[in-house]
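> Let me begin by handing over the structure; questions about it come next.
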Amino acid sequence: MTTTQVRAACPHDCPDTCAILVTVENGVATEIKGDPDHPTTAGVLCTKVARYAERTYSADRLLYPMKRVGKKGEGKFERISWDEALDTIAARLKPLAQERPEAILPYSYAGTMGLLQGDSMSSRFFHQLGASLLDRTICATAGATGYKYTIGGSIGTDMEQFQNAKLILIWGGNPIASNLHFWMRAQEAKRRGAKLIAIDPYRSLTAEKCHQHIALMPGTDSALALGMMHVLIKEELLDQDYIGKYTLGFEQLQQRALEWTPERTAEVCGISVEEVLELAREYGRTAKAGEPVAIRVNYGVQRVHGGGMAVRNIACLPALVGAWRHAAGGVQLSTSGTFPTNKPALQRPDLLKKMPRTINMTTIGNDLLREASPEFGPKVEAVIVYNSNPLAIAPDSPKVAAGFAREDLFTVVLEHFQTDTADYADILLPATTQLEHTDVHLAYGHLYMMANNAAIAPMGEAKPNTEIFRLLAARMGLDDPMFRETDDEMAAKAFRKDDERAIHFDWESLKLKGWQKLNMPDAPFACGNFPTPSGKCEFFSATMQADGLDPLPTYVPNYESRASAPDLAAKYPLAMISPPQRNFLNSTFVNVQSLRNTEGEPHLDMHPDDAATRGVIHGDMVRIFNDRGSFVCKARVTDKARKGLVVGLSIWWKKLARDGKNANEVTSQRLTDMGRAPTFYDTLVQVEKAV
Ligand code: SF4
């Protein structure tokens, strides 16, 4: 018996990027646990990744290359050899690459967050071919853009500091489900006397455990931030010294904020005037008393028309009260911009001979159905999907399914399991999981560079994404040495050592240690130094003005709301949001039986008054519908959903739901105000009892 312990990192789309210890006995992973020495992981993994061995060794794993033998979407495949798979793909891609390379489209996202298995060799491959570029917008670009205009980049309060805050606003997120290690810090802050306030349309698990919950309507967060600014200004709760030295455009902001009386704010947000006043006073007075006030804003607020502006407005608040003076003050949306990642070395954008067109992953439903035209370019004829499951996760799912069902579309899917998308593949390739390959990671919730060592041999004939694209490059006749670089050689280039933040980065020692903190000051903006054009927190942004946007914080209403679309609201009076189920991570883990057993089946949470007017009782099957489509699930009548709101926790695999559909049947392909991102939570629906 040989027993070893291997250092790994969680690859999933979660800010916590946990450090993992894998016990391997005779080549089999027998235990997966959080590294007790890693400061943010602290020995704790979430329930999902604690089951990673069950997922890796699942009887459903794809172990061999396969070709489709049934109709598209039917999911019938037969085993083939790697040689046949690679030859088939190369034979389809070669003529396209020669004649109209933009007809080839990569489609990927954060199925793994690793810098190697995410996008390294794959990007080199597609860049060399001249394939269409993919605008990877599906999750975070609206908020990241609004944050960048204001603060200059995805840099914020260190997760390890939150326990020292006196007040924490948890805005638009449910960290118990999706940011567990931040929640552990918030709990510690609570034990030390801090107040926690959740701002969320839904009374999530997190909101239930906070001291206060403000249940505003979806898409009104930017108005609430403006209303808070109004009160801070009127009641002289500002840090004038910080504003004077380290911000730009306060006079203009003041004019704008004064339009947002507590009464107007309350009306727009669907909350009380007292809630607006008390929130602003709590925030301003705590800061005025010299205590750290911190905001953890999350991506929930930015999945609406005005999502970028919402994050921008919230990101203005810490500078107004001088919260950045404290290491435990400020705001965190993401820390990813703190890492000096050397993506050009990994992805080689210099290979592009001319700039190809870019296709937005959010509008894949429309774009797969578009014909060739001078504006669009060639029709999409081949899609290579990796680290993503667009059939389940992309909005306006009926159109996405129609696109992938096209008989003339050649689809290759790299996967661990036969997902909804895999059912549409012409060629299905088995990919390794995190236990079976090497990778290097940044994080978007903490400040550690992370290494993932392969713990076990690949299952069956599965291969790492990097190796699959190496083999494909060889089949396509691409013989530059960069297509033969090993994973270790690429990982060694992941961070720029000439940047003082990563000055100690060395891949060989990172592999041994597992993790290494960036070299960063505790309070990055205590004395300004924002990475904006002015070096200040920009209340007024000339860059936004040049980009055709309002340069000041404002309120952008939802596309679909009673105020902006009264006719639509008369037909579809309920706002719907579809935040993450606790035991799933987007569409990952839905097929893990033990986790699905915990979640049961798809539900819709609706307020007792909304249920009563529709004759719906707890446990009824209901149909949720609008002009885009419909899906069926079981009603849970509960005041966790405020009146006028229904909540479909997500993202279920369509084929594991009763009617083969999920919440994305009714979401739209409209884009946010900035960042070209989806508007999943800007959705009006009607609900009726299903017959
Ligand atoms: S999903 Fe998040 S909380 Fe769970 S193990 Fe991975 S990084 Fe940690």
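> Can you pull out the residues in the range 29-40 that are touching a Leu at 6+ places or on another chain (Cβ under 6 Å) and either open to solvent by less than 20 Å² (accessible area, probe 1.4 Å) or away from the ligand (no atom under 12 Å from the Cβ) (or both)?
Hits for the range 29-40 are 29, 34, 35.
> Please give the number of the condition residue 549 fails out of (1) part of a loop (DSSP other than H, G, I, E, B); (2) in contact with a Cys (Cβ under 6 Å, 6 or more places away or on another chain).
The one condition residue 549 does not meet is (2).
> Out of the range 388-442, which residues are out of contact with any strand residue (DSSP E or B) (no Cβ under 8 Å at 6 or more places or on another chain) and aromatic (Phe, Trp, Tyr)?
417
> If you don't mind, another one. Tell me the strands (runs of 3 or more DSSP E) entirely within the range 419-536 that contain at least 1 residues that are open to solvent by less than 30 Å² (accessible area, probe 1.4 Å) and of a type in the set (A, V, I, L, M, F, W, C).
Result: 427-430, 439-441, 448-452.
> Can you confirm whether the range 146-160 contains a residue that is within 16 Å of the ligand (Cβ to nearest atom), in contact with a helix residue (DSSP H, G or I) (Cβ under 8 Å, 6 or more places away or on another chain) and not charged (D, E, K, R)?
Yes, the range 146-160 has at least one match.
> Restricting to the range 528-552, what's the tally of residues that are hydrophobic (A, V, I, L, M, F, W, C) and touching a helix residue (DSSP H, G or I) at 6+ places or on another chain (Cβ under 7 Å)?
Summing the residues that are hydrophobic (A, V, I, L, M, F, W, C) and touching a helix residue (DSSP H, G or I) at 6+ places or on another chain (Cβ under 7 Å) in the range 528-552 gives 6.
> Test residue 43 against the stated conditions and say whether it is exposed (fewer than 15 other Cβ atoms within 10 Å of the Cβ) and away from the ligand (no atom under 16 Å from the Cβ).
No; evaluated as a whole, the condition is false for this residue.
> Turning to a different aspect of this structure: Which of the numbered conditions does residue 98 fail, given that it passes all the others? Conditions: (1) more than 16 Å from the ligand (Cβ to nearest atom); (2) out of contact with any Pro (no Cβ under 9 Å at 6 or more places or on another chain); (3) open to solvent by less than 30 Å² (accessible area, probe 1.4 Å).
Answer for residue 98: the failing condition is (3).
> Within the range 108-139, how many residues turn out to be aliphatic (A, V, I, L, M), assigned to a loop (DSSP other than H, G, I, E, B) and closer than 25 Å to residue 395 by Cα?
Residues in the range 108-139 being aliphatic (A, V, I, L, M), assigned to a loop (DSSP other than H, G, I, E, B) and closer than 25 Å to residue 395 by Cα: 4 in total.
> Next question, about the same structure. Would you mind stating whether residue 335 is open to solvent by 20 Å² or more (accessible area, probe 1.4 Å), within 30 Å of residue 157 (Cα to Cα) and not basic (Lys, Arg)?
Taking the combined requirement at face value, the residue does not satisfy it.
Conditions tested, residue by residue: (1) open to solvent by less than 40 Å² (accessible area, probe 1.4 Å); (2) small (Gly, Ala, Ser); (3) without any contact (Cβ under 8 Å) to a residue 40 or more places away in the chain; (4) in contact with a Phe, Trp or Tyr (Cβ under 6 Å, 6 or more places away or on another chain).
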position	(1), (2), (3), (4)
177	yes, yes, no, no
183	yes, no, yes, no
198	yes, yes, yes, no
202	yes, no, no, no
213	no, no, yes, no
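> Would you mind finding the one in 149, 107 that is open to solvent by 20 Å² or more (accessible area, probe 1.4 Å) and either at pLDDT 95 or above or of a type in the set (Gly, Ala, Ser) (or both)?
The unique qualifying residue is 149.
> Across the range 664-681, which residue is nearest to residue 651 (Cα to Cα) among those that are of a type in the set (Ser, Thr, Tyr) and open to solvent by 10 Å² or more (accessible area, probe 1.4 Å)?
681
> Could you check the range 77-89 and list, in sequence order, the residues that are touching a residue at least 40 places away in the same chain (Cβ under 8 Å), open to solvent by 10 Å² or more (accessible area, probe 1.4 Å) and in a helix (DSSP H, G or I)?
82, 87, 88
> While we're here: Where residues in the range 46-66 are within 11 Å of the ligand (Cβ to nearest atom) and in a loop (DSSP other than H, G, I, E, B), which of them is surrounded by the fewest Cβ atoms within 10 Å (Cβ to Cβ)?
47
> Looking only at the range 302-354, count how many residues are at positive phi and in contact with a Phe, Trp or Tyr (Cβ under 6 Å, 6 or more places away or on another chain).
2
> Only one residue in 615, 648 is open to solvent by less than 20 Å² (accessible area, probe 1.4 Å) and touching a residue at least 12 places away in the same chain (Cβ under 8 Å), so which one is that?
648
> Of the residues in the range 217-238, how many are open to solvent by 30 Å² or more (accessible area, probe 1.4 Å) and farther than 16 Å from residue 301 by Cα?
Final tally of qualifying residues: 3.
> Could you please let me know if residue 618 is out of contact with any helix residue (DSSP H, G or I) (no Cβ under 9 Å at 6 or more places or on another chain) and not hydrophobic (A, V, I, L, M, F, W, C)?
no
> Please go through the range 1-28 and give me each residue that is more than 19 Å from residue 178 (Cβ to Cβ) and within 15 Å of the ligand (Cβ to nearest atom), ordered by number.
7, 8, 21, 22
> In addition: Look at residue 605 and say whether it is within 22 Å of residue 304 (Cβ to Cβ), surrounded by fewer than 18 Cβ atoms within 10 Å (Cβ to Cβ) and away from the ligand (no atom under 16 Å from the Cβ).
no
> Looking for whichever is assigned to a helix (DSSP H, G or I), touching a residue at least 40 places away in the same chain (Cβ under 8 Å) and surrounded by fewer than 24 Cβ atoms within 10 Å (Cβ to Cβ) here; the options are 392, 327, 319, 345. Which one fits?
345 is the lone residue from the list that is assigned to a helix (DSSP H, G or I), touching a residue at least 40 places away in the same chain (Cβ under 8 Å) and surrounded by fewer than 24 Cβ atoms within 10 Å (Cβ to Cβ).
> Against the conditions (1) open to solvent by less than 20 Å² (accessible area, probe 1.4 Å); (2) assigned to a loop (DSSP other than H, G, I, E, B), where does residue 142 fall short? Just the number, please.
Just one mismatch for residue 142, condition (2).
The values are calculated or read from the model by the stated rules, or taken from the named source; none is laboratory data. Computed from a predicted structure; not experimentally measured. Using ideal geometry, Cβ is built from the backbone for each residue, glycine included, and neighbour counts are taken over all protein chains shown. We work out accessible area using only protein heavy atoms, side chains counted, and drop any ligands, DNA or RNA first. Shrake-Rupley method; radii C 1.70, N 1.55, O 1.52, S 1.80 Å.
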